[in-house]
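Taking it in order: structure first as structure tokens, then the write-up.
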Amino acid sequence: MQSSTAKNLDITNYMHQLGRAAVQSAKVIAQATTHQKNAALESIAIAIEKNCAAILAENAKDLADARQSRLTSALLDRLELNQERVEAIAEGCRQVAGLNDPVGEMTALTEQSSGIKIGKMRVPLGVIGIIYESRPNVTIDAAILCLKAGNAVILRGGSESINSNLALGKCLAQGLEQAGLAPNCAQLIATTDRSAVGELITLSQYVDIIVPRGGQSLIERVSRDATVPVIKHLQGLCHVYIDDEADIDQAIKIAYNAKTRRYGVCGAMETLLVAEAVADKALPELGRQFRQKGVELRGCEKSRKIIPALKPATEEDWSAEYLDAILSVRIVDGIDQAIAHIQNYGSHHTDAIITESQAKQDKFLRQVDSSSVMVNASTQFADGFEYGLGAEIGISTDKLHVRGPVGLEGLTNQKYIVIGDGHIRP
């Protein structure tokens, strides 16, 4: 494997080598049985456990460099591995091995008037490129999901975690080889040269799908420059709308959880919309709870009359994904204005309505065009594990192929299968 310190590396040639190897390996992993893939995941888990000390030693190098570069405490936390986190990575391999294998699943065959039978079969996508930042665990999490779904994968982690990623990449190769599968089924880009990303996202002759996982600037760059199809979401600008027919106690509980359970996840509420008819009932208690938690509130003119301590919200606040203890609050006339606000400012990620009205629930579900639309539930449920997918490679706000949390099924596609018995078309 190429060293991250390799000098005079021809990035274009290197990336084409990875691409060619991935295409050949994709043919192998696509034909692997469920038993072979699960055996590989178990072998990867064992390799991670056996090499825990070496992984932590390499991670310590990354942490030392990150501290010298003055990375924030939040980024240091994402970067840091310890024995418990390494054990969790290994356990994740075993959990994915326990998931149902989507490859080869068939819909029921339907007989046509001609006598032929038509169905669909799930098949791997092929070669998937994953670009991610900070968290070394993504090296394994992303790889094992791709492998279980029968895909070859090319991994490009952040430069701040290169040593950790290389150590985990060795475990991937060991596990695959131990299970009798090609080590190149999961390849790690072993250079921190940024031009490797530009090469990867334009390797359309080798790579079938790109999945960027990281900040908005990374995803915008990939979306703008890629010639390979991209599964992405740009922002998690999530809304909760408290309707005038909401159970107020329930609404307060849901809205508080949607913001404060975790601030830095893409399913966190960033804007709270409240129907004017119930604003006097809902906002004072919510404001008290949010302030007690340390959440900074920024509100419209009407909401500031109810809670004078609110800072004035600007136009930019309605479009802000804070990923922090900050919340925008707006009072709206009712459901139509709430939906209009979401349509105007939302990012098509996750939006929720709190109401006891079945008609309004149905209207919100039909008219809000987001990858997840919720009724009387916290937006923080937007997660592959919570959706019963077992795990996810990310959340897609695209409209083609897959939307919402992307699990194993989202890493496959379908092809038509036609069964005949000597049938010819007249």
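The values are calculated or read from the model by the stated rules, or taken from the named source; none is laboratory data. These numbers come from a predicted model, not from an experiment. In this analysis, Cβ positions are derived from the backbone assuming ideal geometry, glycine residues included, and neighbour counts consider all displayed protein chains. Heads up: the accessible areas ignore ligands, DNA and RNA and are worked out on the full protein's heavy atoms, side chains in. Shrake-Rupley method; radii C 1.70, N 1.55, O 1.52, S 1.80 Å.
What to note about this one:
- Among the GluC sites (Glu not before Pro) within segment 316-380, those in coil by DSSP and having at most 14 neighbouring Cβ atoms inside 10 Å are E356.
- Loop GluC sites (Glu not before Pro), segment 74-144, which have at most 13 other Cβ atoms in a 10 Å radius of their Cβ (DSSP): none
- Area projected by the alpha carbon convex hull of segment 69-215, averaged over all directions, nm²: 11.9 nm²
- Here the average projected area of the convex hull drawn through the C-alpha atoms of segment 338-397 stands at 4.3 nm².
- Longest site-free stretch - the chain; sites: trypsin sites (Lys or Arg not before Pro), DSSP loop, at most 16 other Cβ within 10 Å: 263-398
- Of the whole protein surface, H35 contributes about 150 Å² of accessible area at a 1.4 Å probe radius.
- Accessible area per residue, Å², the chain with all protein chains present, probe 1.4 Å: 46 Å²
- Hull volume per residue, based on the alpha-carbon atoms of segment 255-317 and their convex hull, is 90 Å³.
- Summarising the label geometry, the points placed 7 Å from Cα in the beta-carbon direction at K253 and D10 lie 6.5 nm from one another.
- Applied to segment 264-275, the Karplus parametrisation 6.51 cos²θ - 1.76 cosθ + 1.60 on θ = phi - 60° returns per-residue 3J(HN,Hα) values of x, 9, 5, x, 6, 5, 10, 9, 9, 10, 10, 5 Hz, with x for Gly and Pro.
- Directionally averaged projected area (convex hull, Cα atoms, segment 242-394), nm²: 8.4 nm²
- For the chain, relative contact order (Cα pairs under 8 Å, six or more residues apart, normalised by length) works out to 18 percent.
- Nonpolar atom fraction for the chain, defined as the carbon and sulfur part of the 1.4 Å probe accessible area, stands at 47 percent.
- The value for the chain of Rg(Cα) / (2.2 N^0.38 Å) is 1.09.
- Within the assembled protein chains, the solvent-accessible surface assigned to T34 is about 60 Å², based on a 1.4 Å probe.
- Projecting label points 7 angstrom from Cα along Cα→Cβ for A340 and Q292 puts them 3.6 nm apart.
- Alpha-carbon gyration tensor eigenvalues x 5, square-rooted, for segment 9-127, Å: 40, 21, 15
- Contact order relative to length of segment 154-237, as percent, for alpha carbon pairs under 8 angstrom and 6 or more apart: 24 percent
- Partners of K415 within straight-line reach, counting aspartates and glutamates whose Cα lies under 13 Å from its Cα and excluding those fewer than 8 residues away in the same chain: E105.
- Rg and Dmax, both from the Cα atoms of segment 74-113 and both in Å, are 19.9, 63.
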